Amino acid sequence: MLTQYRLSLVSRHSAGAWRQARRLAGRIWERASGPGTLPVSRPPHPHTTASHPDLRDVLPSIDARSVTKQQMASIRSGLRIQGDDNLQSMIVGTVMRKVKSRSWKKQRYFKLQEDCKTIWYKSKKAGKAHSTFSVSDVEAVREGHQSEVLLSIADEFPPGRCFTLVFRGRRGNLDLVADSAEEAQSWIKGMRKLIENLENMGEREKLDQWICDWFKKADKNKDGRMNFKEVQDLLKMMNVDMNEHHALRLFRMADRSQSGTLEGDEFVQFYKMLTQRDDVLRLFQNYSSDGQKMTLCDLEEFLRGEQLEGNQSQQRALELIDCYEPSDTAKMFHAMSIDGFLMYLSSAEGSIFHPRQQGIYQDMSQPLCHYYISSSHNTYLLEDQLRGQSSVEGYIRALKRGCRCVEVDCWDGPNGEPIVYHGHTFTSKILFKDVIAAVGSYAFKASEHPVILSIENHCSVDQQRSMAQHLDHILGDKLLKTTVGGKIPMGLPSPEDLKGKILLKGKKIGSLEDSLNGMGEDSLMGEVSDEDEAADIDEDNLRSDGLHRRARKSKQRLSKELSDCVVYCKSVHFSSFKHSRIHSKFYEISSFGESKARKHMRESGAEFVHHNSRQLTRVYPSGLRTDSSNFNPQDMWNAGCQIVALNFQTAGVEMDLNDGLFSQNGRCGYVLKPEFMRSYERRFDPECPQNYEGYQPVSLAIQVISGQQLPKVNIKEGSIVDPLVRVEIHGVPMDQAKQETRYIDNNGFNPVWNDNLQFNIHVPELALIRFVVEDYDKTSKNDFVGQYTLPLTCIQQGYRHIHLLSKDGTSIPPASLFVHIRISDLPLSGPGP
């Protein structure tokens, strides 16, 4: 019965559509490696709206003999997909149960579309409603009962029939149950192969896939051809506002068969005319001796003069030609064509982020307090702070993003089992042991450097003992139970010393020295948690409402078993900077609400920086942020605060800054603070940065040249983006700045600005640069289109592409900006410090 249902839903055109896609892919490869076919004579330049590129220049051609190994590998990969039993089974389709909870389990029909990159599904009930998602949106496939939802139905369905699709960003997982283990395996193996193929796809293959996608979208009647009406609809879908006369001219130029339609390679021809990059072509011709190719000397001059590649530019030029030039003939003569030049500029090596800083490049042997540490607040929450869902998925997502400090709010639960939730609220509850199991499994997937568990403890002594047992039994050797080497330390260990270790941050009985000498007490009466964020509503905010309430603290005993799990991160109450200088131990850590942290920065910023050169500090959001919004972390980083805890579940500029800072150093979750913030002898005041030793301000000059294939943000039919670019500087107060380009009317496909922006930056070591693209609206707030944030110290100078990210921080290819960057030292006014 199920088989009949599956087959009845398979499109009768599946085979034909597959063959058409394969033919088109083949033609794309032929066009990519074959000679250009545009007429040599230049058509008169027609009127276009906004800043549409000048298409009068002849499209460059590529050597017809240059079918590269990469292209052949792609074709072989496509053939492997076509012959794969698992993928063929997915294309036929499968009925599976979509599971949201123990009581919500509904049958859905799932199948892989012929493009091998889209999953289509619909309800068994009659009707046309269906949904799709892209394989590129799926980050991983988990096999068996590896989600809370599937664990809740483990008594109904064996693990062999269950699997979970984990999506990128903040999108919820998709939990599925197949009718048999064999069907589950087909989908598990098939999805993993598709994900692997996409991850291994080269830049040219990605572009060609993108062309195929647009062809399919435009070909409304699925006849493998596009008439002019379909082309006009396509231009609107692609964010292009082109007048009908010019569009018809391009259409006729591409329609070599004069059939009134575009088919296969004719569409590729049309697409190449449409995407002609005049900005890159002009740059290429400026450095090309003959306007047709770049010789080795030409490319070397470009790399040395514009990209600031230095003395090794000749060797670098040879490497780039070998890597990106598609023409074997050009390679043989050590030359680069316009196609190779564009491929280089569009690659990771041509991006704004310096490749040398993408891996771990910093010294990881310094004390923990010398690093910024990627940190999450109320990690268990997926939504708001009052009624949101608590889930171990919050920990899995944060850890996979490189987060190295997660928070666990512990309360007494039924049957002697501690639970985790946001106390005194209606958020759902999860078991402490499930949280620890998730942390144990995912702590070191993204980074091998230490993870800190920040415990907010509200449990009775008995349940604290249960917590200690779970930590010990579940984490085993991963849990740090004593000092490195078992000796009384003189300072904090380094991330390198603590690789693969999980540290507990919480209250501790007595001193670290006493516990190492076996002199600790059995229990301690007092505040077992140094903060209670559910009750910690900032007094400044309450006074503004005429209210005053003191934060409630948990007064009860601390168990020795849990205390012994705390080694280097003993939570203590903060009295004053003077008290800390005299009395505090290096392994003690204080936590501040955002308002108290700001107060200390205003009143004694240099003291705060000095304090953080020796000890760890944690800063968390105000209790008033019930919507899980975030404060600006840059303010806290300026004071050297290491553990700046943010609500990872909430997208926005604050998380963009966090992602930007920790995008460097291998995304390991640790970033070394500047030297002047690590020295206990030096004094750095973020309010007066000119006074620190080594002060050297810089000038940042940015030319925003153009944009490419910006996504549509308004789903209204016929709507086209009016893009502008805003560049924001986030750093010390003196450096906070932003400037915008003008907006371009009705062109999100290939807008051209050529606008120059200039910034003076006093503390470049602390500056983050955020590029934001918005859809201009003169009557309401601009719509967000995309962004990219990175440290100033990680910028590659010269002509660079910026590959934009969505609001969730996921990539949105092929959307990008093309810019030119120059950073230069500014002269110091007056005598230096």
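Key figures
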| read-out | value |
| --- | --- |
| For segment 400-462, convex hull of alpha carbons as volume per residue, Å³ | 95 Å³ |
| Over segment 666-765: Kirkwood hydrodynamic radius from C-alpha pairwise inverse distances, Å | 16.8 Å |
| Other-chain or far-sequence residues with amide H under 5 Å of GLY144's (modelled H) | CYS162, PHE163, THR164 |
| Compactness of segment 584-634 - radius of gyration and Dmax, Cα, Å | 12.1, 36 |
| Per-residue SASA entry for VAL461, accessible area with 1.4 Å probe, Å² rounded to 10 | 40 Å² |
| Net charge of neighbours whose Cβ lies under 12 Å from the Cβ of ASP755, counting Lys and Arg as +1 and Asp and Glu as -1 | +1 |
| Globularity ratio of segment 681-723, using Cα Rg and 2.2 N^0.38 Å | 2.37 |
| Surrounding net charge for ARG401, when Lys and Arg each add one and Asp and Glu each subtract one, Cβ distance under 9 Å | +2 |
| Cut-off under 5 Å, modelled amide H: who pairs with ASP409 long-range | TYR421, GLU456 |
| Shape metrics for segment 357-484, restricted to C-alpha atoms - Rg then Dmax, Å | 15.3, 50 |
| Percent accessible area from carbon and sulfur atoms, segment 551-614, protein chains only, probe 1.4 Å | 49 percent |
| Inverse mean reciprocal Cα-Cα distance (Kirkwood Rh) of segment 769-833, Å | 14.3 Å |
| Loop-located GluC sites (Glu not before Pro) in segment 686-748 whose Cβ has at most 11 other Cβ within 10 Å (DSSP) | GLU717 |
| For segment 205-271, radius of gyration divided by Kirkwood radius, i.e. Rg to Rh on alpha-carbons | 0.93 |
| Cα-Cα pairs of segment 95-150 separated by more than 19 Å (percent) | 40 percent |
| Whole-angstrom gap from segment 594-610 to segment 240-262, using each part's C-alpha centre | 64 Å |
| Cα centroid of segment 777-809 to Cα centroid of segment 728-764, whole Å | 10 Å |
| Karplus (6.51, -1.76, 1.60) ³J(HN,Hα), θ = phi - 60°, over segment 130-136, in Hz, Gly and Pro reported as x | 8, 10, 9, 8, 8, 4, 5 |
| Segment 621-700: relative contact order as a whole-number percent, Cα under 8 Å and 6+ apart | 20 percent |
| Rg/Rg_globular for segment 134-254, with Rg_globular taken as 2.2 N^0.38 Å and Rg from C-alpha atoms | 1.54 |
| Segment 348-467 - percent of accessible surface contributed by carbon and sulfur, probe 1.4 Å | 50 percent |
| Hydrodynamic radius of segment 368-441 per Kirkwood, over alpha carbon pairs, in Å | 12.7 Å |
| Under-5 Å amide H pairs with SER622, H placed in peptide plane, nonlocal only | GLU594 |
| For segment 190-328: accessible area per residue (Å², 1.4 Å) | 46 Å² |
| Kirkwood Rh and Cα Rg combined as Rg over Rh, evaluated for segment 173-328 | 1.11 |
| 3J(HN,Hα) from dihedral phi, segment 108-122, Karplus parametrisation 6.51/-1.76/1.60, rounded to Hz, x for glycine, proline | 9, 9, 10, 8, 8, 6, 5, 6, 6, 9, 10, 9, 10, 8, 8 |
| Heavy-atom accessible surface of segment 155-232: percent carbon and sulfur, 1.4 Å | 51 percent |
| Å² per residue, accessible surface of segment 736-833 at 1.4 Å | 43 Å² |
| Three-way shape call for segment 439-526 based on the alpha-carbon gyration tensor, with the a/c threshold at 1.5 | oblate |
| Net +/- balance of residues flanking GLY660 in space, Cβ distance below 11 Å, scoring K and R +1, D and E -1 | -3 |
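The values are calculated or read from the model by the stated rules, or taken from the named source; none is laboratory data. As the structure is a prediction and not an experimental result, all values here were calculated from the model. Every residue, glycine as well, gets a Cβ built from its backbone with ideal geometry; the counts of neighbours run over all protein chains shown. Note: areas computed on protein heavy atoms with side chains; ligands, DNA, RNA excluded. Shrake-Rupley method; radii C 1.70, N 1.55, O 1.52, S 1.80 Å.
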